[in-house]
Amino acid sequence: MLRRHFLIGTGAAATAALFGRPAFAQAPAAAPAAPPAFALPQLGYAYEALEPFIDTATMRVHHSGHHAAFIGNLNTLAGQYEALRTAPAEQILGNLAEVPEAVRTAVRNNLGGHWNHDFFWKIMKPGGANAPAGDLAAAINAAFGSSANMVTAFTAQAMGRFGSGWAWLVLDKDKKLVVINTPYQDTPLEQGARAIIGLDVWEHAYYLKHQNRRANYVRDWWSVVNWDVAMENFKKATA
């Protein structure tokens with residue numbers, strides 16, 4: 001019996017060697033899953049870093065809840081619209097008419113929400129704000145008369161946005177420095193404008209700390225504007 005088992009085993013091994021494959025075939029390895037098209041960007045500072053102007057709880061929910069939801073939705077949408085994997089967000093958002101109608105609203109809301117929030121995190125910094133300087137300060141003075149006048153005009157846009165949306169200082173398509181507001185998660189890119197600074201005035205951005213007092217939130221936000229990043233945005237917009 002032992003000799004018979006030995007002969008069967010050696011015969012199978014010989015056959016495998018003859019035909020160039022193992023005696024015991026293994027299932028092919030599963031192809032690795034494609035990496036997600038989008039990932040939640042890091043803030044670059046702690047959730048509590050903007051206290052007391054923007055509170056820790058709001059920053060945590062805003063970033064890990066609201067922004068993360070856009071990322072999850074985009075990774076689903078990328079399976080329906082391949083350009084989300086291959087084209088820059090700015091190109092898609094600046095040419096929304098070219099997005100298939102079946103996914104256009106979802107792309108506007110979710111890619112716009114992602115782009116807006118990524119911009120928003122970067123335009124803030126811990127430790128208070130510096131005043132605008134250099135070419136940006138000169139451009140603000142030329143367009144508005146003074147930085148204080150620009151802040152007043154920008155604040156009026158933030159307060160004048162009924163419901164949810166954003167306020168912006170932008171270089172418009174005519175290369176003029178202006179303040180505007182946009183509804184929901186629309187971006188200045190749809191208007192051919194380049195954002196210099198932007199403020200989220202959705203209630204989720206301030207309601208835990210400021211409740212219905214949007215004016216107080218807007219006032220406090222000026223204390224965390226990162227004017228160094230604003231200057232870089234202006235340089236890129238005017239290049």
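Readers should treat all values here as calculations from the given coordinates under stated rules, not as data from a laboratory. Nothing here was measured: the structure is a model prediction, and the numbers come from that model. Neighbour counts are summed over all protein chains in view; Cβ atoms, including those assigned to glycine, are modelled from backbone coordinates with ideal geometry.
Over the Cα atoms of segment 103-149, what radius of gyration and what Dmax do you get, in Å?
Rg then Dmax for segment 103-149, in Å: 15.9, 43.
I need the P(r) histogram for segment 149-239: all alpha carbon pairs, bin width 10 Å from 0 out to the longest distance, whole percents.
Using 10 Å bins, I get a P(r) of 17, 50, 29, 4, 0 for segment 149-239.
What aspartates and glutamates sit close enough to Lys122 to cross-link, taking a C-alpha to C-alpha distance under 14 Å and skipping anything fewer than 8 places away on the same chain?
By straight Cα distance, Lys122 reaches Asp200, Asp228, Glu232.
Can you give me the long-range amide H partners of Val201? Hydrogens built in the peptide plane at 1.01 Å from N, cutoff under 5 Å, separation of 5 or more residues or another chain.
Gly165, Trp166, Ala167
Ranked from highest to lowest mean number of other Cβ atoms within 10 Å per residue, what is the order of the peptides 225-235, 188-198?
Per-residue Cβ counts within 10 Å, averaged per peptide and sorted highest first, yield 188-198, 225-235.
Give the dimensionless ratio obtained when the Cα radius of gyration of segment 72-170 is divided by 2.2 N^0.38 Å.
Compared with the compact-globule rule of thumb, segment 72-170 sits at 1.38.
Specify, per residue and in Å³, the volume enclosed by the convex hull of the alpha carbon atoms belonging to segment 53-239.
Cα-based convex hull of segment 53-239, divided per residue, equals 114 Å³.
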